Every structure is written in structure tokens, then in C-alpha cells.
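Some notes on the structure that comes next.
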Amino acid sequence: MHFLLLALLVSSAFGYVFDCLDKCECDTDDEVVHCHNGERTQLALPAGQRLRGFPVIGMTYNNIINLPDEKLLLNKFPDLKVIDVERNPNFNCSSLSQYNDVKIISDCHKNISEIARVPRIFRPTRDCDFSCQAEKHYQALHKYVLHLWSILKHKYDNFNLDDTLRELQEFFKMVANRVNQMGTKIQVTLKEKLADDDADADAPLTTPKPDAELTPMPELQEVNGN
């Protein structure tokens, strides 16, 4: 019961995720479009209206060859700052020079970083129901987003910090702080709920240790411009 309570608290505290584009996941809390683990050969563009409010698109572990040109990307995704196409083995590396305002993270020129697959939502099991599976998947999405800043620093190790990268640095700091604040809030709420349950049952007035706690996210290290 305590684990189910934690799952419900987590799912209600972290924003809203909806299906978008070609079976991607648009996360309104982290402001990231997740299009991982597929056989995509191209980035699907929004039909009709623009898709605002998403600075990051993650497209790891696909088969992307070319991305739309930068002008079209910014027309369809006005807030876009970075696209991650790591682990797309056939990506056209010669196209990177065409992108100035949008940062493209790739494996080109043997510039390869550590990045794991983002797991999908698995079928509910006896030990982990749908809420549990959704929570595990959502936490994996958070982990990917927080790892992206480390990847960016690795890819652009000796860059001058331009306006786009400054904005991205602030964006990732904001995400990390928000996740930590949500984690603290969830733990406090869970402890209060467990204490109330014990009080109702005439149990000793002590605060029980919750079944699970969220590990605080690490502090993000800033990059200084040259």
C-alpha cells in the first residue's frame, strides 16, 4: 500500500506526458519531446499548428539519416534549442554544419558519450502494477534529461558559451532544481500520510520510515565561457 501511495504521489507531482508526433512522448514538466527506441528515419513534424514550449527533442536509438533544415525546425518548434540523435548509426554527419541556432548532439567524428536506452513502459505485473511501471518509466525520462547537460558539456568541451548554450545551461539547472524540490515535497507528504494512518490506528506517534525515498539529483556543474 505504501508503495502504491508513493507511485500516486509521484505521478501527480510530476507534470503531464502526452502522445505526440509519431508515437513520441511530450513531457510538459521537463519540456522535452522523447522519441527514443524506434525505427524512425526522420523527425516527424507537427501537422498544422506549431509545437511550442519544448526546447529539447531526444531521438536516441533510431535510424535518423537527415533532420529537417534549421529554418523549418524553428518554424515548427519555435522554442527548440537541441536535438539528440545519438546512437543513430546512419546519421549524415556532413549536415551538422547547417545548424547554428539548434545544437545537434550526435556520435559524429567519434565523439561518443555514455548513454543508455530509455526503457519503455512495460506491461503491469503482480509486483509492479500500471502506476508502478509508469513511475519507473517517467523516472527514466527524468534521468535522461538530467544526463543531457553532461553530454552537452562532453560534446562541446572547448566551446565558447554562446547564447543558446547559456539558455540550455539555465534550462537544465531549472529542471534539476524542480526535480529535487518535487522529491522533497513527495517525501514530506508521504511521511505525513503514513503518520496520519498510524494515528488513526492508535499506533505510537512516530514517523515511520517510508518504503522508498527519491534520491536527490546531483548539482549541475556550470561551464564558463572561454
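Among the residues of segment 51-81, the ones that are farther than 22 Å from residue 16 by Cβ and in a loop (DSSP other than H, G, I, E, B) come to 10 in all. If I go through segment 34-50 residue by residue, how many of them are assigned to a loop (DSSP other than H, G, I, E, B) and crowded, with 18+ Cβ neighbours inside 10 Å? The number of residues fulfilling the criteria is 4. Of all residues in segment 80-98, those satisfying the criterion of being surrounded by 15 or more Cβ atoms within 10 Å (Cβ to Cβ) and either among the small types (Gly, Ala, Ser) or in contact with an Asp or Glu (Cβ under 9 Å, 6 or more places away or on another chain) (or both) are 80, 81, 85, 86, 87, 88, 91, 95. Applying a threshold of 6 Å to beta carbon distances and a minimum spacing of six or more residues, or different chains, the list of pairs starting in segment 87-99 at a residue that is under 18 Å from residue 73 (Cα atoms) and ending at one that is in a loop (DSSP other than H, G, I, E, B) and not acidic (Asp, Glu) reads 91/64; 91/85; 91/106; 92/65; 92/66; 95/66. Evaluation of residue 48 against the conditions (1) at pLDDT below 90; (2) within 23 Å of residue 133 (Cβ to Cβ) shows that the sole unmet condition is (2).
The values are calculated or read from the model by the stated rules, or taken from the named source; none is laboratory data. Keep in mind the model is a prediction, meaning the values are calculated, not measured. Glycine also receives a Cβ, built like all others from the backbone with ideal geometry; neighbour counts cover every protein chain displayed.
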